[in-house]
Amino acid sequence: MKESRIKSALEAIARRQVPENTDIWPRIQSRLPKGTSFMRLQTKMSWSLLWVLLALALLTTAAYALYRYFNDPGLQAAEEAGLITDVNATAEASLATAQPPYASGDGKATIVGTQQIVSGVTVKLDWVYVEDARQAFHISAEGLRPGMRFGIPVMSYSDVQPTDFSGATFRLEGSDKLSGTYLAHQLVRPEQGLGGSVPVQIDIPLLAWNDGHPANIGAFHFDVDEVEITVPWGGGGSDSYRVEVNGIQMVMEHAILAPDHTQVRLCYEPPEGGDWLIDGATLQYGDPITNELGPAVKMDAAIEIHEEGHQPCEDVNFPRGGPDREASMVLMANGLVLRDGSQKLDSTWQFNRYVQVNLHIGGIASAQAPDGPPIESQTVGDITATLEWMYIDSNRIAFTVHFSEWRDGFALTNIALRTPDGKDINAGMNWGPSESDPATTLISMTPANPLSMERFTGQLLLSVITSLSAGAPTNEFTFDLDLPVYQAVTIESGQSQTANGTQLLLQRVKVAPSWTVAYVCYEKPTTGDWGIGQGTTLQIGSDRAEVADYMMMYDSDYANGGKGLEPGWIPPIAQGRCIRLGFPVGSQGASETLTLRIESLQLSTPEVIPEVEVQRAREVLKSQGIEMDWMTVTGSGGGGGGPVYKRLPDGMTEMQAYERFLDALGHIHKGPWVFTLKIDP
Amino acid sequence: MHDQEAIQRLKDGDSTGLEVLVHEYQLRAIRTAFLITGDRGLAEEVVQETFLRLYRSIRGFDESRPFEPWFLRGVVNAALKLVKRSSRELPLESPESEQAFHRLAAQLESPQAQVEAAETEREVQQALDRLSPRQRSVIVQRYFLEMSEAEMAAASGTAAGTIKWLLNAARQRLRGALVERSDK
């Protein structure tokens, strides 16, 4: 009671000074980079498909309009109606200061410089860094002869027992002289509280590697008296994962990424009854931004590790060197097998790890990621961007840009439409390069708030980086614009349709020449995150499109659910949810019929589905000829789950099988709900 | 959309995840920062920067922890850091700030606070302004964010004993006021 009284007073002050309608999202959004890393996989897939089809369309000159707008009936119709403006303006790049991809650590490393020689190998401990939730050190080594390898290092602390270990990586680069960075994720917290300083001990085994059989030939040991423990904002984490498939957990504890090999330590709780081993494993490295993976390599050796009090582990080795830049790493353990081969568990445990080069630790110039090519060789001044054409209506902005001197590794990282008063228009966006001409990019933006001005005067800003490395410079292009904004026709529908016991209200639609938005409200079948399911379409005249944009406008279950994202929009219901759907189809002033068809409502899949529900759904699917595993991934760096299909009926896609799975879980509430309106301009 | 889904989206590079988190937590975060900084503009700036830092460092977020206390801890620390740099800061644990701290505790416990809300709020506001940033943050964490002493100690890297000492005066006076009230 006493606390509630104080709380009331403080809340009253805060409420008076910071009213409910305070919204800083537009300011935050204007400062977000809009880069390739923010393309969703689904978007990339659709654009890839689009550009394959575009390449085919380009085979005929008559298909120019198709080249622009294939698969987008809204833009195609806008072009046919003569609403597209050919801009054909060019801009030279200006160089901007590069920003690191994420925040730097606040602390600095302790520079050491101690050197040791073991079996003719010299190792110098360059620096040590201890953070509350991650710790690192760096070595320089030379004299390593063929057949010699470093083992898994151990970083320990006097008087402090680290907790919550969640993976470590030892990355080695170079040939004659090696540079090694070790990074562990665990909590180092002295009893007296966060921070302080701690003595550090580092042990690095030296091994002789003989055809898959390692032997200890020595160890390097370093003592560092006092290392300050940095406590950064936000804590730490890792990309190490614990993966569970069908009730069996596997953990990827360590990874050594050497120039000529990769070794990972996988530990697991084996099934009861028998002596189990990992049946096989593959390793892939890939681009961390695009998630495109290189070829898979199979393991060439696995060494069993049995330590008292620890679950069984295997050091799995691959004849593939680690990457020399930021990379994604995908490791798949393909099943367990009894030692005598009499029984197999045919499941796949997949581990994803982000190979970090720049650790963002202060005071360690040697650990910084290599910058991109020197500025002098980047021909920055030679890149020319050409804005070929542009189209704006109240619901959508679209244009293509061609960049001269485009090379692999370049990436479009920011797109902004800026008004004369310096504000960026808050918009979601999709873009993708042409597969036939990667230097040409089609961009489509959907503003969060419909554009109400008759003409848009302002600037289009584009940023291109020439390297994904931290510190790479950004080339910025600016185009001055003055274009008409084609307005939408608003239809206040108010129609309600009921199916499967659930009523949906189509509050209104806003039909622009190339894009239509529909405002739909409903009472959710149960509490939870119920959105729309697959197959929702909007048809105007003969043009039909699937939903391409979804925005939640209101949900009575959420504390701030009533704060509409559009100025002036008020939810028409008290209980339930309102959403705004966007479709790339529009109307150019003709009298036409609009049909919105919502096939189902769908509950978003929770991160963890109870095992009993998964098993029940798997049984249902089995009777339909679908066999699948459900893999759950947990760890301090992320979590989630997903299906792994083992058998599907002929002709069934994985997407269709997943729909069946969701249905079996009770996550789909079937309709359909069909709304028909007349557009009378 | 739940926090975990929003965070996962953000980790996947989808900024709509951040949008969901901003709309869910900005108000509480700005109000928290305001109570520490005493300035709405600064409070919005603190929260804006904290969300941007979240965006940049989301890879490091441990999803096994609840998001809101973790995020608000960041807001409190950022607000404290900012206001400590400003000229508005009073010397830590100065006699003046000590008096203000005790005045605040007295005002918060007052039965009149229940019926004279506006006047009390003004006085509380003035008392808050006279506190050192550290004391303000302690009051805000304990009574506005309802954090436990252990959570406060962990969040600020301060010994639990110091937190107890800072809160002790307010607690004693409140206890007295509650007894007095029940006697009536």
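Among all positions in the range A:216-227, there is no residue which is more than 23 Å from A:Ser119 (Cβ to Cβ) and modelled with pLDDT under 80.
Among the residues of the range A:148-176 satisfying the criterion of being among the charged types (D, E, K, R) and under 27 Å from A:Ser328 (Cβ atoms), which is surrounded by the most Cβ atoms within 10 Å (Cβ to Cβ)? Out of the qualifying residues, it is A:Arg171. Can you confirm whether the range B:17-31 contains a residue that is under 12 Å from B:Leu80 (Cα atoms), more than 8 Å from chain A (Cβ to nearest Cβ), buried (at least 23 other Cβ atoms within 10 Å of the Cβ) and out of contact with any Cys (no Cβ under 8 Å at 6 or more places or on another chain)? No: zero hits. Evaluate the following for A:Leu194: is it within 20 Å of A:Ile111 (Cβ to Cβ), surrounded by fewer than 20 Cβ atoms within 10 Å (Cβ to Cβ) and in contact with an Asp or Glu (Cβ under 8 Å, 6 or more places away or on another chain)? No, not satisfied.
Is there a residue in the range A:418-441 that is at negative phi, touching an Asp or Glu at 6+ places or on another chain (Cβ under 9 Å) and modelled with pLDDT of 85 or more? Within the range A:418-441 (the criterion being at negative phi, touching an Asp or Glu at 6+ places or on another chain (Cβ under 9 Å) and modelled with pLDDT of 85 or more), the answer is yes, since at least one residue qualifies. I'd like to know if the range A:474-491 contains one or more residues that are surrounded by 17 or more Cβ atoms within 10 Å (Cβ to Cβ), farther than 20 Å from A:Ser514 by Cα, touching an Asp or Glu at 6+ places or on another chain (Cβ under 8 Å) and at pLDDT below 85. Yes, some residue in the range A:474-491 is surrounded by 17 or more Cβ atoms within 10 Å (Cβ to Cβ), farther than 20 Å from A:Ser514 by Cα, touching an Asp or Glu at 6+ places or on another chain (Cβ under 8 Å) and at pLDDT below 85. Of all the numbered requirements in (1) of a type in the set (A, V, I, L, M, F, W, C); (2) in contact with a Gly (Cβ under 7 Å, 6 or more places away or on another chain); (3) at pLDDT below 60; (4) within 26 Å of A:Ala184 (Cα to Cα), A:Trp51 misses one, and that requirement is (4).
Here A:Arg171 clears all of (1) over 23 Å from A:Trp209 (Cβ atoms); (2) assigned to a strand (DSSP E or B); (3) in contact (Cβ under 8 Å) with a residue 40 or more places away in the chain; (4) of a type outside the set (Phe, Trp, Tyr) except the condition numbered (1).
If you go through the range A:417-433 and keep only what is touching a helix residue (DSSP H, G or I) at 6+ places or on another chain (Cβ under 8 Å) and not acidic (Asp, Glu), you end up with A:Lys423, A:Asn426, A:Gly428, A:Asn430, A:Trp431, A:Gly432, A:Pro433.
Here is a yes/no grid of residues against (1) more than 16 Å from A:Ile28 (Cβ to Cβ); (2) surrounded by 20 or more Cβ atoms within 10 Å (Cβ to Cβ); (3) away from chain A (no Cβ under 11 Å); (4) modelled with pLDDT under 85:
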residue	(1), (2), (3), (4)
B:Ala43	no, yes, no, no
B:Val46	no, yes, no, no
B:Glu49	no, no, no, yes
B:Leu52	no, no, no, yes
B:Ser64	yes, no, no, yes
B:Trp70	yes, no, no, yes
B:Gly74	no, yes, no, yes
B:Val83	yes, yes, yes, yes
B:Arg88	yes, no, yes, yes
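A:Leu601 passes every criterion in (1) at pLDDT 90 or above; (2) assigned to a helix (DSSP H, G or I); (3) surrounded by 18 or more Cβ atoms within 10 Å (Cβ to Cβ) apart from (2). Please find, within the range A:88-109, the residue that is modelled with the highest pLDDT out of those that are over 29 Å from the mean Cα position of the chain (by Cα) and crowded, with 19+ Cβ neighbours inside 10 Å. By that ranking, first place goes to A:Ala109.
Residues that are at pLDDT 90 or above and either within 14 Å of A:Met155 (Cβ to Cβ) or crowded, with 21+ Cβ neighbours inside 10 Å (or both) within the range A:131-140 comprise A:Gln135, A:Ala136, A:Phe137, A:His138, A:Ile139, listed in sequence order.
Sub-7 Å Cβ pairs linking a first residue in the range A:257-273 that is surrounded by fewer than 18 Cβ atoms within 10 Å (Cβ to Cβ) to a second residue that is of a type in the set (Asp, Glu), at least 6 apart or interchain, are A:Pro259/A:Glu173, ordered by first then second residue. Residues that are within 30 Å of the chain's Cα centre (by Cα) and modelled with pLDDT under 90 are absent from the range A:278-285 altogether.
Pairs meeting the criteria (first residue in the range A:568-593 and more than 16 Å from A:Pro450 (Cα to Cα), second residue of a type in the set (D, E, K, R) and assigned to a loop (DSSP other than H, G, I, E, B), beta carbons under 7 Å, at least 6 apart or on different chains) are A:Gln575/A:Glu523; A:Gly576/A:Glu523; A:Gly576/A:Lys524; A:Arg577/A:Lys524; A:Ser591/A:Asp680.
The values are calculated or read from the model by the stated rules, or taken from the named source; none is laboratory data. Quick caveat: nothing in here was measured; it's all calculated off a predicted structure. Cβ sites come from the backbone with ideal geometry, for glycine too, and all protein chains shown count toward neighbours.
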